[in-house]
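The values are calculated or read from the model by the stated rules, or taken from the named source; none is laboratory data. What you see is a predicted model; the values in this text were computed from it and never measured. Counting neighbours? That spans all protein chains shown, and the Cβs are built from the backbone with ideal geometry, glycine included.
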Amino acid sequence: MNLDRIPQVEKSLLIVHQGALGDFIVTFPVLKALRVSFSRVDAICRASFGQLAVEVGVLDRHHPLESARVSSLYANRIDPEMSQLVSAYSHILLISFSAILEFSMKRINADRVFRIEPWPEETHRLQVTEFLANRTQKCGILSSGERDKFYRTFCAAAQSRPTKLPVGATLILSPGAGSIKKRWPLERFLVVAAKLLSQGMRLVMLLGPAESDIEVALKQRRETQPGVVKCTSFPELIDILNSADGYIGNDSGISHLAAFLGLPTLVIFGPSDSVRWRPFGDNVRVVTPPEICCPCTNTASTGYFEPALLRQITPDRVLAEWHCAFGAGSG
């Protein structure tokens, strides 16, 4: 952890986040806003996620959640170097459901620890980034002025990209997702790809390291397909997204990142609540099943999932929404 290199800064913030990739990326706009008022913003999070956050400029430094020193926060005796780390910051923000973690942190910094939930309850249908901003503002860590200033800057930066994309623009199609339950059928992505290719668009099929099954399925097909790019690191992923003009993908962490980077982004939702989990930003559109009675956040814990939901979304609907929102091709 190199704790001897952590200077004590008068106005510094340590974030602790234990969630998955998409849950972490939805915090990026809030972290970016916090950098206006804090001279240093660091995080304890999964090591690879922290690298991504530093790369896109929302963190100064990250410390690995996987460290044994971090696990001591859940034990009777907190590691002395962990106490040293936590004491170096003027404010601690826990984005966590864990009351045990909050208790341990307050043993070190009694008056400077704040905890907020990572996402709203299912009955509270507010976009999750807005929810986090509200909670952070309520804690007194983020002022309304700083929040508004960031949002204006964020939206202006996104709008600086052309949203009416011309023929020849490069689009990324991302058919993967962290859960297979959130994957729109691959054959439908390929129908969309064929139509966009026929309209003169340049396409890249983006795959992550955990999507070897999609790679195998693509190799078994003979029809004309977009070029496939396998991404193995977050710096590579950022470069690929920044080189594109638009993005179509499933409800996934990569879709949230594409939106954060300002790409015109279309996200295909299945079982999750698109009101709460849509990526943050003005250049974002979503397509949802026409018939869905009880969208949920955590399909793994609730057991709610109907495969027919995603099949209710046709390639024509996706293409129509893309053309309507971003003007790609002739329609």
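If we scan segment 114-125, do we find a residue that is surrounded by 19 or more Cβ atoms within 10 Å (Cβ to Cβ) and part of a helix (DSSP H, G or I)?
No: segment 114-125 contains no residue that is surrounded by 19 or more Cβ atoms within 10 Å (Cβ to Cβ) and part of a helix (DSSP H, G or I).
Could you give me the residue pairs with C-beta distances under 6 Å whose first residue belongs to segment 252-281 and is among the hydroxyl-bearing types (S, T, Y), whose second residue is outside any loop (DSSP other than H, G, I, E, B) wherever it lies, and which are 6+ apart or on separate chains?
S255/G249; S255/V267; T265/Y247; T265/A258; T265/A259; T265/V284; S274/V286
How many of the residues making up segment 142-173 are of a type in the set (A, V, I, L, M), part of a helix (DSSP H, G or I) and surrounded by 12 or more Cβ atoms within 10 Å (Cβ to Cβ)?
2
Within segment 279-299, is there a residue that is modelled with pLDDT under 95 and part of a helix (DSSP H, G or I)?
Within segment 279-299 (the criterion being modelled with pLDDT under 95 and part of a helix (DSSP H, G or I)), the answer is yes, since at least one residue qualifies.
Is segment 164-175 home to any residue that is of a type in the set (D, E, K, R), modelled with pLDDT under 90 and not assigned by TED's automatic domain parsing to the domain that holds R276?
yes
For the subset of segment 174-193 comprising residues that are part of a loop (DSSP other than H, G, I, E, B) and in contact with a helix residue (DSSP H, G or I) (Cβ under 8 Å, 6 or more places away or on another chain), which member is surrounded by the most Cβ atoms within 10 Å (Cβ to Cβ)?
Result: P175.
Whether any residue in segment 208-219 is exposed (fewer than 13 other Cβ atoms within 10 Å of the Cβ), closer than 17 Å to A20 by Cα, in contact with a Lys or Arg (Cβ under 8 Å, 6 or more places away or on another chain) and not aromatic (F, W, Y) is what I want to check.
The answer is yes, given that some residue of segment 208-219 is exposed (fewer than 13 other Cβ atoms within 10 Å of the Cβ), closer than 17 Å to A20 by Cα, in contact with a Lys or Arg (Cβ under 8 Å, 6 or more places away or on another chain) and not aromatic (F, W, Y).
Could you look through segment 29-84, keep only residues that are of a type in the set (S, T, Y) and within 18 Å of S104 (Cβ to Cβ), and pick out the one that is nearest to the chain's Cα centre (by Cα)?
S67
Which condition from (1) aromatic (F, W, Y); (2) under 20 Å from S274 (Cβ atoms); (3) not assigned by TED's automatic domain parsing to the domain that holds D239 is the one that F189 breaks?
Failed condition: (3).
Of all residues in segment 85-97, which are within 28 Å of the chain's Cα centre (by Cα) and not in a loop (DSSP other than H, G, I, E, B)?
Correct list: L85, V86, H91, I92, L93, L94, I95.
Working only within segment 194-214, note down all residues that are assigned to a helix (DSSP H, G or I) and farther than 22 Å from S243 by Cα.
S212, D213, I214 - these are the residues of segment 194-214 that are assigned to a helix (DSSP H, G or I) and farther than 22 Å from S243 by Cα.
Which of (1) under 30 Å from G57 (Cα atoms); (2) without any contact (Cβ under 8 Å) to a residue 40 or more places away in the chain; (3) part of a helix (DSSP H, G or I) is the odd one out, the single condition I240 does not satisfy?
(2)
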